[in-house]
Amino acid sequence: MSLLHKLTAAFSPPPKTVPDRSLAMAVLLLETARADFERSPEELALIRTQLADSLGLDAAQTDALIQRALDSAGTAVSLHDFVSTLNAELDVDGKRQLLGWLWRVALADGRVEPREEALIRQLADLLFVPHADFVRARIAAGG
């Protein structure tokens, strides 16, 4: 291998990995909980329950997924890859259901902070969820 090829290989970015659907959902749920700069115990408990119930995970698998999501969110520059995965893998009903989960996380501590609402609104737009569904999901979640 020539020196040019070695240098090119050394400075090439690693191949991009696409997050799976469960990881993408977990990241968005955790980011919603963190949007107000505080992940409350109520929010984390609800996220754990939502992931376990919807994905059929046991406690160890749920904890591992949450840890992977925390690690991924901590190193991600943006939520683009996660949203792209969900746009590719979720149908309209799946996106509505996810939006409902996001609202329930935001409401888990008894209040919706403006930053939480702004993030959910942005995610709804990026997931191509109509505004009427955004409002319906909030009302259905109790907000």
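The values are calculated or read from the model by the stated rules, or taken from the named source; none is laboratory data. Since the structure is predicted, the reported quantities are computational estimates derived from the model, not experimental observations. Every residue, glycine among them, receives a Cβ derived from its backbone with ideal geometry; neighbour counts consider all protein chains shown. Each accessible area value is taken on the protein alone, full model and side chains, heavy atoms only, with ligands, DNA and RNA left out. Shrake-Rupley method; radii C 1.70, N 1.55, O 1.52, S 1.80 Å.
Give me P(r) over the chain, computed from all C-alpha to C-alpha distances, binned every 5 Å, as integer percentages.
Binned Cα distances yield the sequence 2, 10, 19, 21, 19, 11, 5, 3, 3, 3, 2, 1, 0.
Nearest 10 degrees, 0 to 90: what angle lies between the long axis of helix 92-107 and the longest principal axis of the chain (Cα atoms)?
70
Across segment 72-89, in residue order, what do the Karplus-derived ³J(HN,Hα) couplings come to in whole Hz, using 6.51 cos²θ - 1.76 cosθ + 1.60 with θ = phi - 60° and x for Gly and Pro?
Running phi through 6.51 cos²θ - 1.76 cosθ + 1.60 with θ = phi - 60° gives 5, 5, x, 9, 6, 7, 8, 8, 3, 4, 5, 5, 4, 4, 5, 4, 6, 10 Hz.
Counting only protein heavy atoms and a 1.4 Å probe, tell me what percentage of the chain's accessible area is made up of carbon and sulfur. Don't skip to the end; give the middle numbers.
Values: 4800 of 8250 Å².
C and S atoms contribute 58 percent here.
Would you mind checking the tilt of helix 114-126 against the longest principal axis of the Cα atoms of the chain, expressed as 0 to 90 degrees and rounded to 10?
Tilt of helix 114-126: around 60 degrees.
Give me the 1.4 Å probe accessible area per residue for the chain, excluding ligands and nucleic acids, in Å².
Heavy-atom accessible area per residue stands at 58 Å².
Compare the Cα positions of PHE128, LEU30, SER40 along the charge dipole of the chain (+1 at Cβ of Lys, Arg; -1 at Cβ of Asp, Glu; about the Cα centre) and return the one farthest towards the positive end.
It is PHE128, whose Cα lies furthest towards the positive end.
Divide by every residue of the chain the summed helix terms, -39500 (n - 2.57) for each DSSP H run of at least 4, and state the resulting mean residue ellipticity at 222 nm, rounded to the nearest 500 deg cm²/dmol.
After summing the helix terms and dividing by the residues of the chain, the value is -23500 deg cm²/dmol.
Taking only C-alpha pairs under 8 Å that are 6+ residues apart, what is the relative contact order of the chain in percent?
31
Using a simple charge model, +1 on the beta-carbon of Lys and Arg, -1 on the beta-carbon of Asp and Glu, nothing else, what dipole does the chain show about its Cα centre, in debye to the nearest 20?
320
Cα axis of helix 131-141 to longest principal axis of the chain: angle in degrees, 0 to 90, nearest 10?
Between helix and principal axis, roughly 60 degrees.
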